[in-house]
Amino acid sequence: MKKLIKKLKHRWIEKVICLFLAIILWLYVGERNKPEKYITVPLKLKNIPAGTAIASQYKNIVLLKIKGRETVIQTLSSRDFNAYIDLKNASLGKNILPVTIKTPKGMRKFKIVKIEPQNVEIYLDNLAHKEVPVSPTIINSPADGYIKTGEVITPEKIVIKGPQSFIESIDVIRTKPIDIGGVSGSIYKEVEFDMPNEFILPVDYKTAQVTIKIVKDFKTKVYKNIKIEINGLSRDLYVRNAEELIADAKVYGPLSKLKFLEKNKNFLYINAADIDDDGKYEKPIKARLPKNCSIIYIKPSKIELKVKEKEK
C-alpha cells in the first residue's frame, strides 16, 4: 500500500496535468462526435411601432445548426422553434436588429451552435393611407364576331396602406388578369387586386366584382361588281365572256370578317367541272366565305357561260 502511495506521489504534478488533458480531450472528441442537424425556421417580426410600416424586403427564414443526442435532435423540427425580431426600439430608416430564437421548454439535451443570419436589416417608414381608383386587367379577345363594349367594377375606389414613400407614387390599383379569350357573352368575375408589391395592402376590400359586357358584332355588307371565278373547267376549254362575269353579294357575319372580304374580293365562283364541250351553260353562282359568315343574296343567282374549245 505504501509502495502504491509512493508511486502516486512520484511526479504527481505531471500525472494530474495528463489526467486533466485526457478529460479535456475526451470532452472535445465527445462533443465533435455528437450528431448535427440543420433546421429552417420562419422569421417573424414583433412589436412594429405604431404608425410605421416595413419598407424593405428581408430574409424571412433563419437557418439553425443544432447538436445533441441523436434521439433528441431527430425529433426536432421547425415547429419547435420560434425565430423573431423585436422592433420595439426600432426607429425610422435603417435598423440592424438581432434574431432571437426561443427553444422548446424543458429540452436541454441539445444546443444551437449556429444561427444564420444573426442580424437582419430592416427599414421602417411612416405608415400612410390613400384612396385610389381600381381598374380591371382584361387579357385576350372574345370569340370571333363578338366585341367587348365595356366593364363595370365594384368598388370603383379602394383605400390602400403602406410605407409613405411607396404610397405616394401609386395612382391606380389594377386587378389580377381576367381572360376573355374565346368568350361569346357577358361575364362576371370576382378577382383579387394586383398590389404593386408586398408592402402595399388594401384596407377595406380584398376583392373586386367585375362585369364585362361582350356582345355580338355581326353586320351585313353589300359587295358590288364582284368578279366571278371559274373553277374546274377543262384545260381544253375557255369562257369567251369571262370578263363579263360579275355579280353583287350581300353577306352577314362578324365585322372583322366582312372587312377581310372587302380586301379580298374573290369569294364568288362557278363550278364548271361538268362542262365538257362548246356551248352556252347557265350555272349557279356560289360563295366561298370565312367561318361564321353567310350569304343573304347573290344577284344574279345564276349566270350564262359561253364556252368554246381552244384552238389546237
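Considering only Val72, Val159, Val215, the mean-square fluctuation computed in a Gaussian network model of the chain, springs between alpha carbons under 10 angstrom, is largest for Val72. Inter-part distance, the stretch 186-250 to the stretch 65-112, computed on C-alpha centroids, equals 62 Å. Modelled spin-label separation between Val132 and Tyr297, with each label point placed 7 Å from Cα along the Cα-to-Cβ direction: 5.8 nm.
By the equivalent-ellipsoid construction on the alpha carbon gyration tensor, the stretch 126-216 comes out with semi-axes of 30, 11, 9 Å, ordered largest to smallest. Shape annotation for the stretch 218-309: C-alpha extents along the principal axes are 44, 19, 18 Å, from largest to smallest.
Evaluate the Kirkwood expression for the hydrodynamic radius of the chain, namely the inverse of the mean inverse distance over all pairs of different C-alpha atoms, and round to one decimal in Å. The Cα-based Kirkwood calculation yields 29.3 Å. The ranking of Arg174, Arg235, Arg288 from fewest to most other beta carbons within 10 Å of each one's beta carbon is Arg235, Arg288, Arg174. Once R0 is set to 45 Å, what does the formula 1/(1 + (r/R0)^6) return for the Cβ-Cβ distance between Asp80 and Glu121, expressed as a FRET efficiency to the nearest 0.05? With R0 = 45 Å, the Cβ-Cβ based efficiency is 0.95. Counting only whole DSSP H helices of the chain, the ones at least 24 Å long by C-alpha along their axis and with mean Kyte-Doolittle hydropathy no lower than 0.0 are 12-32. If R0 is 51 Å, what FRET efficiency do you get for Asp248 and Thr154 from their C-beta distance, rounded to 0.05? E between Asp248 and Thr154, to the nearest 0.05, is 0.55. Quick one: grab the alpha carbon gyration tensor of the stretch 43-167, order the square roots of its eigenvalues as a ≥ b ≥ c, and give me rounded if a/c is under 1.5, else prolate or oblate depending on whether a/b is larger than b/c. Oblate shape, in that a/c is at least 1.5 and b/c is the bigger or equal ratio. As a proxy for reagent exposure, Ile187, Ile246 were ordered by neighbouring Cβ count within 10 angstrom, fewest first; the result is Ile246, Ile187.
FYI, it's all coordinate maths here, none of it is from the lab. The structure presented is a predicted model; accordingly, all values stated were derived computationally and were not measured. Cβ coordinates were reconstructed from backbone atoms using ideal geometry, including for glycine residues, and neighbour counts include every protein chain displayed.
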